[in-house]
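For reference, the structure discussed in these notes is given below.
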Amino acid sequence: MLFALSAVFLMAMAAPWLGRLPSRMAGWVLSLVPLALTFFFLGKLGAVADGRTLTESWPWVPGLGVDLSFYLDGLSLMFTLLITGVGTLIFIYAGRYFHEAPAGRFFLWLSVFTGAMLGLVLAGNLITLFVFWELTSISSYFLIATDHKKESARKAALQALLVTGLGGQAFLAGSLLLGMAGGSLEIADLLTRGEAVRSHGLYLPALLLILAGAFTKSAQVPFHFWLPSAMEAPTPVSAFLHSVTMVKAGVYLLARLSPVLGGTEAWTVTVAAIGCVTMVAGAVMALFQSDMKRLLAYSTVNALGTMVFLLGIGTETAVKAAIVYVLVHSLYKGALFLVAGVVDHETGSRNVTSPRRLFRKMPIIASSAVLAGLSMAGLPPFFGYIGKELIYEGALKAPFAGFLLPTAAVTANLFLFATAALLVLRPFFGGTGETPPFHISPPEFFLGPAILGLSSLAVGIFPGLVDSTLIAGATKSVLAREIPVHLALWHGINTAFLLGILTFGAGVLLYAFRDSLERCLQGATRFAALGPARWYEWSLAVLNGTAVRQTRLLQHGRLNLYVLILFMTIAGLGLYTFFRGEGGWVLPNLLDARISEATVAGLILASAFLSIASPSRLAAVVAMGGVGYGVALIYVQFGAPDVAMTQFAVETVTVILFVLVIHRLPSYVRLSSRTSRMRDGIIALGTGGLMTLLVLAVLETGNESRLSGFFAEQAYPEGHGRNIVNVILVDFRALDTMGEITVLSLAGLGVYGLLKIRKRKEG
Amino acid sequence: MKSLILSTAAKYLLPMLLLFSAYLLLRGHDMPGGGFTGGLVAAAGFSLHGFAFGMSDAKRLLPARPLRLVGAGLLLVLGSGVFAMMKGDPFLTGTWTTLTLPGPGEWKIGTPLLFDLGVFLVVIGATLAVLLGLGRED
């Protein structure tokens, strides 16, 4: 599995180069990777269906219980196949979609996302999962903002990132609490300790935090608003990330952790209630959209709500329904998004309310839309029908809330029915006016919708294709026990069937009266302005305002004040601690100093004095360099050539840097006043005095450190080096060094960027 | 301002400083030196050249743009860490092997050397990105 993931990330690295090809070709070439992975994971289907789980693990941070481990069972496998299978179609489609512009960067992020999403569903450790989780948010950010010159795209990208990112932080905190409650971060371990976790004191906070993560990612009310905004993304992205895969990550997480966290009252109430509200709200809002993509986005909100709702109920039927619905939704929604993309691409409009007769123009696309639309409406013999029946059964058999849940489910589905009708009928078959010219779409465009649409039909007629393998396997993972899964179109006349007929009838009526209903509701849109999207904007404004104020206060840009505040704090706190503490200090006998030592000390003092007294900046800086060189000489005398060499080099480069900067500054025009110099002097003396005291205090405690002994002993046998300092830097504490050079790189990048900006401003 | 003494000295000093920095880098594991110091020495060498002949001339001498060097360095560091993972060890575990070469005889090489080379490149790149940027429009 690590191999499979690496393949995707390697593909991401190759994407910018492949992007120089005509992007149509790049799409085809890149699609080979997810295609190969689809077959790779299909090969695991047998083993997983037999009830085996495949695991792989590499130690990562063993000390903290964090491993790079993978866990493949029925649930992960189903999501994996969705990602790779739909991913293949998306890459092919995107190649055509971007045929005018070079798409290297787009393909890079799309590949990164594919890898991250695979990692997310394969992760066997909560921290591994979290890392991939965040990576999907980040790649989603870049993908939404593909058209980064458009302000609305940038805003939508940031909104999605902030909402899901905030949820990600909650999820991280929740996982850590869960790890404490369960005694392990490994999902495989946690799955066997559900009982212990649920009775642990940390259960409730862990649950709420993890739910916050899942709800933001899966766009549950009140966090749903980012998903419609994210429709600024190019359509392949909306189809892949914002309907089939990434938004289902939250659903996946709930399903994955359901055996650990689920079944309690807190779980059922929160998850089922939020899911129920989202399900209904999404469906209602979808019907009144006029933009095809926003309509699809709201219906995705509805679908995600449905899955969450069913997972919240948590009975056998409900879980089975949730799993089936993941598949149902991916098939029809993927197809419909791709259709919307073609319509947008070839007609330049995504409006669904104005009638057009696009069936004549693009018959294949329109037929795919019909197939997918019928599945969305939940009509037999499509897979969507099986899904809808199961939802009704799940809601009917829920052990609580009585008739409320079935009512909500029927309401949502009849709105969904009307939405599907609107989406398919008006653009493709509406009106009687002019007939657009006939035109065969390129194969890249109809391949995806056609395959997904036909699958909706095929799986509906032959549910045996998936029920005993994919669905049964995934259901078993969520319930932690095996149940027989036999899907069928016809269950006899039962309550769910009757509700289905009711949905159909009411749905037709609702569609017929949609426009008049919309006019009635126009007044209500004013309330929408008070919705969560406004809360988001408001809190963002407060956050930015606070940031501006506190930056003005602390980061005012006056370097001397920075240094002043820093030193005052250090000296004040340090001296306070020092004189409160019990540690003493010794005064060494200064007469013991050797001539060479005294000379160096004299040099340092003289340079320091020069740097204060000099009326020229350049001289002051060079004198400061002299102080540094003096310190380096001390290192030489006490046998630390390495440190000394570094110090020499750093001092040299620093002076060069200063010279380059000072060169541009005017010479001192006005020297500081006597009082401010007095103030600076006192602070300088305080800080210097503190450092001196500290050094003297260290002398008193002696310099026995177990660490230096350890490093000295282990440097050669463990690190293969005789230079302890270097072995520490590149081996023992290599991770620290890595962090440091990353900071150095960022600093370099930052300065470079600032200089560039200034240059552009100047001319 | 051009100075004959400076430019003549720089002409000879730059290759020597670069050689010295490579020497520092390679011996670093056993004797004083290392990627950080080596990188600073090389950066100082290039900026000396820049003072004598102009920063754009120094930039021309670089094998790649400074920020590319930074990127390459970071990738090397990452690679040296991931190498251990491919063997099943934790990230950044040092891996060593001894080569027998006709010239210097036994020569041990390992991923920490790669790591140090990465540090070296990052230091050169980041320092020069700043120095060359500051000294440009003269």
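The values are calculated or read from the model by the stated rules, or taken from the named source; none is laboratory data. Since the model is a prediction, treat every value here as computed from it, not as a measurement. Positions of Cβ are generated from backbone atoms using ideal geometry, with glycine treated the same way; all protein chains shown enter the neighbour counts. Just so you know, the surface numbers come from the protein's heavy atoms only, side chains and all, with ligands and any DNA or RNA stripped out. Shrake-Rupley method; radii C 1.70, N 1.55, O 1.52, S 1.80 Å.
Points to keep in mind about this one:
- Whichever residue in the stretch A:727-763 is more than 9 Å from chain B (Cβ to nearest Cβ), open to solvent by 90 Å² or more (accessible area, probe 1.4 Å) and more than 28 Å from the chain's Cα centre (by Cα) and, among such residues, is nearest to A:S708 (Cα to Cα): A:R733
- Hits in the stretch A:366-390 (condition: in contact with a Lys or Arg (Cβ under 8 Å, 6 or more places away or on another chain) and open to solvent by 10 Å² or more (accessible area, probe 1.4 Å)): A:L390
- Counting the residues of the stretch A:711-724 that are open to solvent by less than 60 Å² (accessible area, probe 1.4 Å) and within 9 Å of chain B (Cβ to nearest Cβ) gives 3.
- Any hit, the stretch B:89-111, residues being in a helix (DSSP H, G or I) and either within 13 Å of the chain's Cα centre (by Cα) or under 16 Å from A:F732 (Cα atoms) (or both): yes
- Filtered residues of the stretch B:77-88 (kept if assigned to a loop (DSSP other than H, G, I, E, B) and either more than 8 Å from chain A (Cβ to nearest Cβ) or more than 16 Å from A:D67 (Cβ to Cβ) (or both)): B:K87
- Here A:M117 passes the criteria (1) assigned to a helix (DSSP H, G or I); (2) at pLDDT below 95 except the one numbered (2).
- Candidates A:L603, A:L590, A:L633 - the one that is open to solvent by 60 Å² or more (accessible area, probe 1.4 Å), over 26 Å from B:L48 (Cβ atoms) and more than 14 Å from chain B (Cβ to nearest Cβ): A:L590
- Here the stretch A:302-318 is the region considered, the condition is being at pLDDT 95 or above and among the β-branched types (V, I, T), and the residue that is farthest from A:G460 (Cα to Cα) is A:V308.
- The set of residues from the stretch A:260-272 being more than 24 Å from the chain's Cα centre (by Cα), surrounded by fewer than 21 Cβ atoms within 10 Å (Cβ to Cβ) and either among the acidic types (D, E) or at pLDDT 90 or above (or both) comprises A:T264, A:E265, A:A266, A:T268, A:V269.
- Among the residues of the stretch B:27-39, the one identified as open to solvent by 10 Å² or more (accessible area, probe 1.4 Å), in contact (Cβ under 8 Å) with a residue 12 or more places away in the chain and in a helix (DSSP H, G or I) is B:F36.
- Filter result (among the β-branched types (V, I, T) and facing chain A (nearest Cβ under 7 Å)) within the stretch B:110-122: B:V119, B:V122
- Members of the stretch B:1-22 that are under 29 Å from A:N726 (Cβ atoms), surrounded by 14 or more Cβ atoms within 10 Å (Cβ to Cβ) and more than 10 Å from chain A (Cβ to nearest Cβ): B:L13, B:L14, B:L17, B:L18, B:F20, B:A22
- Listed by position, the helices (runs of 4 or more DSSP H) enclosed by the stretch A:413-532 that each have at least 1 residues that are over 30 Å from A:G74 (Cβ atoms) and either of a type in the set (D, E, K, R) or modelled with pLDDT of 90 or more (or both) are A:443-461, A:495-512, A:514-521, A:525-528.
- Residue in the stretch A:81-88 that is over 22 Å from the mean Cα position of the chain (by Cα), in a helix (DSSP H, G or I) and either of a type in the set (A, V, I, L, M, F, W, C) or within 14 Å of chain B (Cβ to nearest Cβ) (or both) present: no
- Against the test of being open to solvent by 40 Å² or more (accessible area, probe 1.4 Å) and at pLDDT below 90, the options A:L64, A:L68 yield a single qualifying residue, A:L64.
- Boolean, A:L304 is buried (at least 22 other Cβ atoms within 10 Å of the Cβ), touching a residue at least 12 places away in the same chain (Cβ under 8 Å) and more than 22 Å from the chain's Cα centre (by Cα): no
- Hits in the stretch A:191-222 (condition: assigned to a loop (DSSP other than H, G, I, E, B) and under 29 Å from A:A533 (Cβ atoms)): A:S218, A:A219, A:Q220, A:V221, A:P222
- Subset of the stretch A:399-412 [open to solvent by 50 Å² or more (accessible area, probe 1.4 Å), assigned to a helix (DSSP H, G or I) and hydrophobic (A, V, I, L, M, F, W, C)]: A:L404
- The numbered conditions (1) buried (at least 24 other Cβ atoms within 10 Å of the Cβ); (2) farther than 14 Å from A:S218 by Cα are all true for A:G275 except (2).
- When A:I187 is tested against (1) in contact with a His (Cβ under 9 Å, 6 or more places away or on another chain); (2) open to solvent by less than 10 Å² (accessible area, probe 1.4 Å); (3) of a type in the set (A, V, I, L, M), exactly one condition is not met: (1).
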